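Presented below is the structure to which this report refers.
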Amino acid sequence: MTTSDLRLLDSNILIYSHQALSKFHTQSRTLFEKGLRGELPLCICPQVLFEFYSVITNPRRVTSPVSPKEATQEVERYLRTKNIFSVYPKDDILSIALDLLKKYEVKDREIFDLQLVATMLSNNINRLYTFNHDDFIKFKEIEVLSP
């Protein structure tokens, strides 16, 4: 398998998979479990894990927040998973991000979506699973997939 076969999981997939009361829990969990079984070539990156940690420890963002210790254990578990791969920003991420900034008018927190897209492109990944379809649809370089 090449990195171009991989599909990146957005943080909301991990968050909803973790939060049993979420209306997206079943869809997220099913997708994640397909990755765990090796049925879908899925990957994660540091930004996704940091966002996941931030949200699941925040009682204003989730109905069942966890302690920092539990969140750290979850992140470690994701990193140890054999069939869901970890990808990392490469040396060219800044030049890719600057090219995207010139092409798309992003502002405020949209820069983090752009950073995620730049990480994907840096790793030759062009498919993203997310429930935030509208946040990424402007980026023509990637395909936005719904679970």
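The values are calculated or read from the model by the stated rules, or taken from the named source; none is laboratory data. Predicted, not measured: the structure shown is a model, and the values here were computed from it. Ideal geometry is used to build each Cβ from the backbone, glycine not excepted, and the neighbour counts take in all protein chains shown.
Assess whether L6 counts as being closer than 21 Å to I137 by Cα, of a type outside the set (D, E) and touching a residue at least 40 places away in the same chain (Cβ under 8 Å). Outline the logic, then answer.
Working: closer than 21 Å to I137 by Cα: yes; of a type outside the set (D, E): yes; touching a residue at least 40 places away in the same chain (Cβ under 8 Å): yes.
Yes, satisfied.
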Report summary line: How many residues of the range 14-28 are more than 14 Å from the chain's Cα centre (by Cα) and either part of a helix (DSSP H, G or I) or of a type in the set (D, E) (or both)? The answer is 3
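What do you reckon, is E76 of a type in the set (D, E, K, R), surrounded by fewer than 19 Cβ atoms within 10 Å (Cβ to Cβ) and under 17 Å from the mean Cα position of the chain (by Cα)?
Values: of a type in the set (D, E, K, R): yes; surrounded by fewer than 19 Cβ atoms within 10 Å (Cβ to Cβ): yes; under 17 Å from the mean Cα position of the chain (by Cα): yes.
In short, yes.
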Query raised in the report: So which of F112, F85 is over 20 Å from D135 (Cβ atoms) and either in contact with a Pro (Cβ under 8 Å, 6 or more places away or on another chain) or surrounded by 13 or more Cβ atoms within 10 Å (Cβ to Cβ) (or both)?
Result: F85
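Please state which one of F32, F52 is modelled with pLDDT under 95, in a helix (DSSP H, G or I) and touching a helix residue (DSSP H, G or I) at 6+ places or on another chain (Cβ under 8 Å). Spell out the reasoning first.
Numbers: F52 fails: modelled with pLDDT under 95.
The conditions single out F32.
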Query raised in the report: If you take the residues in the range 8-58 that are under 19 Å from I93 (Cβ atoms) and charged (D, E, K, R), which one is surrounded by the most Cβ atoms within 10 Å (Cβ to Cβ)?
Result: D10
Query raised in the report: Looking only at residues in the range 90-147 that are over 17 Å from P46 (Cα atoms), of a type in the set (S, T, Y) and assigned to a loop (DSSP other than H, G, I, E, B), which one is farthest from the chain's Cα centre (by Cα)?
Result: Y104
Query raised in the report: Just one of the numbered conditions (1) at pLDDT 95 or above; (2) among the hydroxyl-bearing types (S, T, Y); (3) closer than 21 Å to D10 by Cβ is not true of T81; which one?
Result: (1)
Report task. Sort out which residues of the range 29-77 are over 25 Å from S122 (Cβ atoms) and polar (S, T, N, Q), and write them in order of number. Result -> T30, T57, N58, T63, S64, S67, T72, Q73
Query raised in the report: Looking only at the range 115-132, which residues are buried (at least 20 other Cβ atoms within 10 Å of the Cβ), over 18 Å from I84 (Cβ atoms) and not aliphatic (A, V, I, L, M)?
Result: S122
